[in-house]
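The values are calculated or read from the model by the stated rules, or taken from the named source; none is laboratory data. For clarity, every value in this text was computed on a predicted model and none was experimentally measured. Glycine gets a Cβ as well: all are built from the backbone with ideal geometry, and neighbour counts include every protein chain shown. What goes into the accessible areas is simple: the full protein's heavy atoms, side chains included, and nothing from ligands, DNA or RNA. Shrake-Rupley method; radii C 1.70, N 1.55, O 1.52, S 1.80 Å.
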Amino acid sequence: MTDTSTPVVALDTSALMAPVEANIRLFEELDRLLGTYEAVVPAAVRSELDGLASGAGTAA
């Protein structure tokens with residue numbers, strides 16, 4: 001749990017795939033822009049990523 005001054009950043013599938021697919025330095029940029037933050041991944045996003053991971057191809 002964070003205090004009220006710490007931003008919460010919800011990450012979706014696109015954001016989590018961007019570092020791999022587009023060589024985007026997502027977490028370094030979040031660190032630079034926000035300093036301290038709490039990253040959260042909704043259960044629906046985790047399920048989607050699990051489905052992608054069990055498949056074949058680049059996304060997996």
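Some points to look at:
- For the stretch 21-35, a residue qualifies if it is surrounded by 11 or more Cβ atoms within 10 Å (Cβ to Cβ) and either assigned to a loop (DSSP other than H, G, I, E, B) or of a type in the set (Gly, Ala, Ser) (or both), and the qualifying residues are Ile24, Arg25.
- Applying the condition of being touching a residue at least 12 places away in the same chain (Cβ under 8 Å) and assigned to a helix (DSSP H, G or I) to the stretch 1-20 and asking which residue is most open to solvent (accessible area, probe 1.4 Å) yields Leu16.
- Qualifying residue in the stretch 40-60 (condition: of a type in the set (Val, Ile, Thr) and modelled with pLDDT under 90): yes
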